[in-house]
Amino acid sequence: MNLDVLKIAANHEVCIHAYADDMQTYASCAARDQQTATDRLLACVADIDKWTSSNRLKLYANKTEFIWLGTRQQLAKVTVLPLLVKD
C-alpha cells in the first residue's frame, strides 16, 4: 500500500484498511447522509483508479463491491440506487 492511496482516501474523508493485495474503503454516515457518503466513496474509488493507472497497476471494477451495513430499520431508509463502477 502506498502512502499516496492513504492520502487520496483522507482527502475524500474515507477510511481505508489495506492488505497485501487488497484494500477496503468505507465511510460511516447517518441514513439521511447516504448520498453524500456514496458520492465520497465513488470519488475516492475514481481517484484511486487514476492513481493505479498512472503507476501501471489495475483496479478491477468487476471486483469492487459496495455494501450497506446497519440495522433493519436504518437499511429500510437507504434509497440510493444500485451503483455501477465502470471498468
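A short reminder: the numbers here are calculations on the coordinates, not readings from a lab. Bear in mind that the values here come from a model prediction, so they are computed numbers and not experimental data. With ideal geometry, Cβ positions are generated from the backbone for all residues, glycine too; neighbour counts draw on all protein chains shown.
Side notes on the structure shown:
- Residue satisfying condition, being in contact with a Ser or Thr (Cβ under 6 Å, 6 or more places away or on another chain) and surrounded by 13 or more Cβ atoms within 10 Å (Cβ to Cβ), within set Leu41, Leu59, Leu6: Leu59
- Output for segment 1-54, where each listed residue is hydroxyl-bearing (Ser, Thr, Tyr) and closer than 26 Å to Gly70 by Cβ: Tyr19, Thr25, Tyr26, Ser28, Thr36, Thr38
- Qualifying positions in segment 16-38 - exposed (fewer than 13 other Cβ atoms within 10 Å of the Cβ) and touching a strand residue (DSSP E or B) at 6+ places or on another chain (Cβ under 6 Å): His17, Gln24
- For segment 19-55, a residue qualifies if it is among the aliphatic types (A, V, I, L, M) and either touching a residue at least 40 places away in the same chain (Cβ under 8 Å) or over 27 Å from Val78 (Cβ atoms) (or both), and the qualifying residues are Ala20, Ala31, Leu42, Val45, Ile48.
- Against the test of being within 11 Å of the chain's Cα centre (by Cα) and among the polar types (S, T, N, Q), the options Thr64, Thr79, Thr36, Thr71 yield a single qualifying residue, Thr64.
- Identity of the residue in segment 18-33, more than 20 Å from Lys58 (Cα to Cα) and of a type in the set (D, E, K, R), that ends up nearest to the chain's Cα centre (by Cα): Asp33
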